[in-house]
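*Asks:* Here you go, one structure.
The values are calculated or read from the model by the stated rules, or taken from the named source; none is laboratory data. These numbers come from a predicted model, not from an experiment. Using ideal geometry, Cβ is built from the backbone for each residue, glycine included, and neighbour counts are taken over all protein chains shown.
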Amino acid sequence: MLGELVTKLADTPWSIALHESLYMYAITESTHVLSIMLFVGTIAMVDLRLLGISFTKVPVSQMLSKILPWTIAGFVLLVITGSMLFLAIPIRTYHSIWFRLKCTMILIAAINIAVFTFKVERDKAAWDLGPVPRKSKICAVISLSAWACVIVFGRLIAYNWFDCDSITSPTMAELTGCPLDPG
Amino acid sequence: MSLYHTAQNIEASALGQTIRESTWLFPAIESTHLLALALLGGSILIMSLSILGWGLRTPVAELYKSAHRYSNAAVIVLLITGVLLGVSEPVKLYGREAFWVKMISLSIALLVTYFVFNPLVRRGASGASMRGVTVLTIAAWLTVAMAGRWIGFS
């Protein structure tokens, strides 16, 4: 079903226009990369605080209230430009193993954020400036690793090693949703 | 020997060939370059936002104690990975305008960061001129990143 949707998406004038336009695509991708500095950059600083290894004079509550709005702004930019990049090349991206891995890591990071927001940071008043608890460190490590993977997998989408036309193993065909070419 | 000749020699070097001919090396170095870019962005932004009055209220000289380690580490990794990427395709880069824009803006960004921004932050400077320096520093690094991405398009 998703496969049909991306095929329809690829036929829309929006997709064709983005794909064909040299400058619009380049500007969108550059903005996507630059937004990483804002999004992953700021979330990494928050994570380093939550690990208790840096910015220890800054209260955790202030780190969250003053820095996370910028992280969210970066995320909004990334989602807008990311959606545009997907729209420009929908079918290939949909089947890309790297794109699928990237989405999986975003999902893991999102669950981690939910756990942090609704469980871990609840009693943060107790460790606002004191030693950070283990649960905070665990969340920080998961966050740092997940977003690093998102960057790496995102960059690898550009490479065609596992594009549909070069897939020969049934496992990879399953994972990418590519038709297995008998020839 | 002309600059173009030098580029050709670097391209023919063992290191250049190894990176160019490997399937995984270039993407791996490229990804590391991007990870360091994120770290640089975060460490400079956390100080800058505070200076501009849009971030943490902790004195910026205090933030610098933690942040400068990450910006230094990021710059070192960016320079090493950047050189490795460049060594694998110097002839292509020689002909790309975006590459030269990147090298010029990189020189400016490094000079501004290490000779103006960092010393002022360490001293806890504030005021209109400090905000100006901050905006200039961010603009310089954004130009470097934008021109860097543009090398792949031009």
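*Asks:* Taking helices (runs of 4 or more DSSP H) that fall entirely within region A:44-124, which contain at least 3 residues that are over 30 Å from A:Thr12 (Cα atoms)?
*Replies:* The qualifying helices (runs of 4 or more DSSP H) are A:60-88, A:97-118.
*Asks:* Next question. Please go through region B:53-63 and pick out each residue that is within 8 Å of chain A (Cβ to nearest Cβ), touching a helix residue (DSSP H, G or I) at 6+ places or on another chain (Cβ under 7 Å), in a helix (DSSP H, G or I) and surrounded by fewer than 22 Cβ atoms within 10 Å (Cβ to Cβ).
*Replies:* Scanning region B:53-63 gives no hits.
*Asks:* Could you tell me which residue of region A:36-53 is nearest to B:Gly53 (Cα to Cα), considering only residues that are of a type outside the set (A, V, I, L, M, F, W, C) and within 9 Å of another protein chain (Cβ to nearest Cβ)?
*Replies:* In the first step, residues of region A:36-53 are kept if they are of a type outside the set (A, V, I, L, M, F, W, C); the result is A:41-42, A:47, A:49, A:52.
From what's left, within 9 Å of another protein chain (Cβ to nearest Cβ): A:41-42, A:49.
Details: A:Gly41: 19, A:Thr42: 16, A:Arg49: 20 Å.
If we take residues in region A:36-53 being of a type outside the set (A, V, I, L, M, F, W, C) and within 9 Å of another protein chain (Cβ to nearest Cβ), then A:Thr42 is nearest to B:Gly53 (Cα to Cα).
*Asks:* Still on this structure, please answer the following. Evaluate the following for B:Leu136: is it more than 14 Å from every other protein chain (Cβ to nearest Cβ) and either among the hydroxyl-bearing types (Ser, Thr, Tyr) or under 11 Å from the mean Cα position of the chain (by Cα) (or both)? Talk me through it step by step, then tell me what you get.
*Replies:* Details: more than 14 Å from every other protein chain (Cβ to nearest Cβ): yes; either among the hydroxyl-bearing types (Ser, Thr, Tyr) or under 11 Å from the mean Cα position of the chain (by Cα) (or both): no.
In short, no.
*Asks:* Name every residue in region A:126-172 that is polar (S, T, N, Q) and under 25 Å from the mean Cα position of the chain (by Cα), in order of residue number.
*Replies:* A:Ser136, A:Ser143, A:Ser145, A:Asn160, A:Thr171
*Asks:* Also: From the set of residues in region A:125-142 that are free of Cβ contacts under 8 Å to residues at least 60 places away in the same chain and in a helix (DSSP H, G or I), which is farthest from A:Ser61 (Cα to Cα)?
*Replies:* Ranking the candidates gives A:Ile142 first.
*Asks:* Among the residues of region A:54-101, count how many are within 12 Å of chain B (Cβ to nearest Cβ) and out of contact with any His (no Cβ under 8 Å at 6 or more places or on another chain).
*Replies:* Of the residues in region A:54-101, 21 are within 12 Å of chain B (Cβ to nearest Cβ) and out of contact with any His (no Cβ under 8 Å at 6 or more places or on another chain).
*Asks:* Only one residue in B:Ala28, B:Ala7, B:Ala38 is modelled with pLDDT of 95 or more, away from chain A (no Cβ under 11 Å) and either at negative phi or assigned to a helix (DSSP H, G or I) (or both), so which one is that?
*Replies:* B:Ala7
*Asks:* Hey, among B:Ser88, B:Ser43, B:Ser50, B:Ser66, which residue is touching a Gly at 6+ places or on another chain (Cβ under 9 Å), within 14 Å of chain A (Cβ to nearest Cβ) and small (Gly, Ala, Ser)?
*Replies:* Values: B:Ser88 fails: within 14 Å of chain A (Cβ to nearest Cβ); B:Ser50 fails: touching a Gly at 6+ places or on another chain (Cβ under 9 Å); B:Ser66 fails: touching a Gly at 6+ places or on another chain (Cβ under 9 Å).
Among B:Ser88, B:Ser43, B:Ser50, B:Ser66, only B:Ser43 is touching a Gly at 6+ places or on another chain (Cβ under 9 Å), within 14 Å of chain A (Cβ to nearest Cβ) and small (Gly, Ala, Ser).
*Asks:* For A:Thr71, indicate whether it is at pLDDT 95 or above, out of contact with any strand residue (DSSP E or B) (no Cβ under 9 Å at 6 or more places or on another chain), of a type in the set (Val, Ile, Thr) and over 20 Å from B:Ser50 (Cβ atoms).
*Replies:* For A:Thr71, the condition - at pLDDT 95 or above, out of contact with any strand residue (DSSP E or B) (no Cβ under 9 Å at 6 or more places or on another chain), of a type in the set (Val, Ile, Thr) and over 20 Å from B:Ser50 (Cβ atoms) - is not met.
*Asks:* Further, regarding this structure: Would you point out the residue of region A:142-172, among those that are closer than 12 Å to A:Ala109 by Cβ and more than 11 Å from chain B (Cβ to nearest Cβ), that is surrounded by the most Cβ atoms within 10 Å (Cβ to Cβ)?
*Replies:* A:Ser143
*Asks:* Would you mind telling me which numbered condition in (1) over 19 Å from B:Leu120 (Cα atoms); (2) surrounded by 24 or more Cβ atoms within 10 Å (Cβ to Cβ) B:Ala36 fails?
*Replies:* The number of the failed condition is (2).
*Asks:* Would you check if B:Met47 is buried (at least 20 other Cβ atoms within 10 Å of the Cβ) and of a type outside the set (Ser, Thr, Tyr)?
*Replies:* Yes, satisfied.
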